[in-house]
């Protein structure tokens with residue numbers, strides 16, 4: 001799916017069908033006046049950005065993207081293109097959270113430390129633009145999962161328009177489709193750090209390894225939502241629905257093992273439960289230290305298609 005802006009062909013019939021989704025979201029945003037949107041280019045934050053521009057005017061919405069080694073370059077380029085198509089100003093901020101030991105240690109509160117860095121940059125960008133209100137793309141269903149980052153947003157008074165409007169994942173996708181947003185059916189993405197097992201330190205090399213392994217899956221034609229979870233020497237492959245059975249076939253299995261071992265993994269496993277968001281949270285907290293100890297010798301050779309973080313001093317357009 002491309003990162004192009006909406007064509008403008010908003011479906012009247014679809015909008016009428018999802019009016020119960022659009023109306024409360026517009027109502028949540030309208031009183032805010034001017035907003036800075038934490039924007040990744042994913043479905044949720046794109047809907048918030050698009051509706052903010054629709055309700056408040058493009059000049060009253062600022063898109064903010066935190067850039068680091070945990071964010072794929074191709075996703076950044078698509079995000080830039082979409083914001084530009086909306087006529088919304090877009091700022092990026094190189095966060096550098098990997099230099100923070102509290103983040104790199106990869107404890108279960110990792111996302112809290114990441115959000116602190118992100119919000120710091122977001123606040124600065126908003127202040128430079130004369131904007132006081134920060135909003136993000138958290139949706140109602142996200143509250144059901146373990147998300148330490150939400151604590152950081154509460155501490156910083158970041159608003160959650162989708163939550164305030166009572167919208168979950170399905171409603172947000174339906175709204176994105178009705179608004180003709182090009183990413184409405186794009187598989188959900190999460191930062192690359194979510195691929196690394198808790199307790200296993202986050203390094204650039206491991207992030208590259210996880211990204212390259214997922215590129216292998218897509219190159220082999222596996223569709224839908226997928227993840228390669230990094231457990232040190234072991235790669236745990238999560239695929240959608242019927243793709244699990246296809247991956248277990250002799251030809252695909254042999255190719256998958258060969259190609260992931262070439263990336264530095266010693267063991268390649270297929271998760272029979274398939275893809276599910278936040279699967280790392282299923283592991284008991286007490287296992288984190290053990291995982292870290294077992295994973296120190298795991299191969300982590302830099303590889304893959306992840307490009308270096310842009311070298312701007314701190315902020316770019």
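What follows draws every value from the coordinates through simple rules; no lab data is involved. These figures come from a predicted structure and were not determined experimentally. Note: ideal-geometry Cβ built from the backbone for every residue, glycine included; neighbour counts use all protein chains shown.
Considering only the Cα atoms of segment 31-115, their convex hull presents on average a projected area of 6.0 nm². Per-residue Cβ neighbour counts within 10 Å put 154, 115 in the sequence 154, 115, beginning with the fewest. Peptides 63-73, 141-151, ordered by how many other C-beta atoms sit within 10 Å of their residues on average, highest first, read 63-73, 141-151. Within segment 62-204, the proportion of C-alpha pairs whose separation exceeds 20 Å stands at 53%. Counting every pair of alpha carbons in segment 192-295, the share spaced more than 25 Å apart comes to 14 percent. Taken as Cα centroids, segment 84-102 and segment 183-246 sit 22 Å apart, rounded to the nearest whole angstrom. For segment 116-131, the residues whose amide N sits under 18 Å from a probe point set 7 Å from the Cα of residue 157 along the beta carbon direction are 116, 119-131. Computed over all pairs of different Cα atoms, the Kirkwood value for the hydrodynamic radius of segment 55-100 is 11.6 Å.
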